[in-house]
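The values are calculated or read from the model by the stated rules, or taken from the named source; none is laboratory data. Note that the coordinates shown come from a computational prediction; the quantities given were computed from them, not determined experimentally. Quick reminder, even Gly has a Cβ in these numbers, built from the backbone with ideal geometry, and neighbours come from all protein chains shown. Quick note on the areas: whole protein, heavy atoms, side chains included, nothing else; ligands and nucleic acids left out. Shrake-Rupley method; radii C 1.70, N 1.55, O 1.52, S 1.80 Å.
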Amino acid sequence: MSKEMLNALEALEMEKGISKEIVIDALEVALVSAYKRHYGQAQNVEVEFDNKKGNIHVYSVKEVTEEVMDSQLEVALTDALAINPAYELGDTIRFEVTPKDFGRIAAQTAKQVILQRVREAERTIIYEEFSAYENEIMQGIVERQDHRYIYVNLGKIEAVLSRQDQIPNEVYQPHDRIKVYVSKVENTSKGPQVFVSRSHPDLLKRLFEQEIPEVYDGVVEIVSISREAGDRSKVAVRSQDSNIDPVGTCVGPKGQRVQAIVNELKGENMDIVEWNEDPAVFIANALNPAQVIDVIFSENDRSCTVVVPDYQLSLAIGKRGQNARLAAKLTNYKIDIKSESDMAELLEQQAQEETVEILEDTDVPAELEVSEIDQTSDILTVDESLDAAIEDVEE
């Protein structure tokens, strides 16, 4: 169990990437347990593995005392001085007690413990490796599925794709190659668990970074994303360089760049709009392809009313309200869309209400007839004419 053990440890380190020292530490712990089981004493036992020759030594550690009460734990000072005159009371001395057949017993007893430690070390390595991929995109192969998950092979580990993280109506077949977003990595009692997603908005962001160098380099920035996976998404972009059109850069020649992303997402529609620091302009852009006449903001919260031409009301709202809903998520504004004619009626109604309020605030008696108001107006007109005549005579 010497040279063979060293060769096995070195092979394990090369093939599995597990440090030899980790396995040796596990082996020494296992050998203490083995000695205790077969020889009934281990509270003062140390096991030492020679990582150069592969030899195993078992030592009984005893304390130097004046009077020996337990020979398994203590050694008399006179006996210690016979070994080395430098020993003093309270010192510890190691006596080798390695049994002749301990190598065979230790190998049998420690096997399961060593394998367990090896598995733990492998899990730690895998967890640390895939933790680095959290919030990143990876390519995997669909292996199988059950009522809860689709299992995706990422190489060293099998990730899980839950129902809510799947693109609706997307069919996954064994051996399909798909790109997934690593949303979470957990280190559980059963080993590392990797959760991936196809519906996460950041999957879209990572795909843009892969397909569009300007986005990866930061020249074109993705400001916000709103997504209804499998159906439609809106992406707001802006350029850090005034000479670069952010929307055109993302679309690419003849739409080639964005088309690659659409193909990866199985035909998901993509609206790329330009971000603007003016909220009104940004909201108008977000409602693309509908035209916007006006954006009216409320005073107290992040909400607004958007006025569109009558014939574009349904286009602005979208099928089942999707266009308006995605625009609201993209801009972080509550958006109420009204047609031009509806807005005109609303403004006219508000004007009438304001007129009534003004009349209610004046001192004109409520019972005053219309004819009386007309007569009052005539009197005021006569008074004004007399004043003008008097001024002419004085001149």
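Are any of the residues in region 165-177 buried (at least 17 other Cβ atoms within 10 Å of the Cβ), touching a Phe, Trp or Tyr at 6+ places or on another chain (Cβ under 8 Å) and assigned to a strand (DSSP E or B)? No, the conditions are met nowhere in region 165-177.
Quick grid of which residues meet (1) over 14 Å from Ile225 (Cβ atoms); (2) touching a strand residue (DSSP E or B) at 6+ places or on another chain (Cβ under 6 Å):
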{"position": "Gly248", "(1), (2)": "yes, no"}
{"position": "Pro253", "(1), (2)": "yes, no"}
{"position": "Gln256", "(1), (2)": "yes, no"}
{"position": "Gln259", "(1), (2)": "yes, no"}
{"position": "Asp271", "(1), (2)": "no, yes"}
{"position": "Asn276", "(1), (2)": "yes, no"}
{"position": "Ala280", "(1), (2)": "yes, yes"}
{"position": "Asn288", "(1), (2)": "yes, yes"}
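Checking each residue in region 194-221 for being farther than 21 Å from Gly267 by Cα and either surrounded by 16 or more Cβ atoms within 10 Å (Cβ to Cβ) or out of contact with any strand residue (DSSP E or B) (no Cβ under 6 Å at 6 or more places or on another chain) (or both) picks out Val194, Phe195, Pro213, Glu214, Val215, Tyr216, Asp217, Gly218, Val219, Val220. Applying the criterion of at least 1 residues that are in contact (Cβ under 8 Å) with a residue 24 or more places away in the chain to the helices (runs of 4 or more DSSP H) found wholly in region 1-89 leaves 3-16, 20-39. Annotation: Ile244 fulfils all but one of (1) within 20 Å of Ile167 (Cα to Cα); (2) not in a helix (DSSP H, G or I); the unmet one is (1). The number of residues in region 45-59 being out of contact with any strand residue (DSSP E or B) (no Cβ under 9 Å at 6 or more places or on another chain) and buried (at least 16 other Cβ atoms within 10 Å of the Cβ) comes to 1.
Counting only strands (runs of 3 or more DSSP E) wholly contained in region 252-361, the ones carrying 1 or more residues that are free of Cβ contacts under 8 Å to residues at least 12 places away in the same chain and open to solvent by 50 Å² or more (accessible area, probe 1.4 Å) occupy 294-297. Checking Lys20, Lys36, Lys62 one by one, the residue that is at pLDDT 80 or above, surrounded by 13 or more Cβ atoms within 10 Å (Cβ to Cβ), in the same structural domain as Glu10 (by the TED database) and basic (Lys, Arg) is Lys62 and no other.
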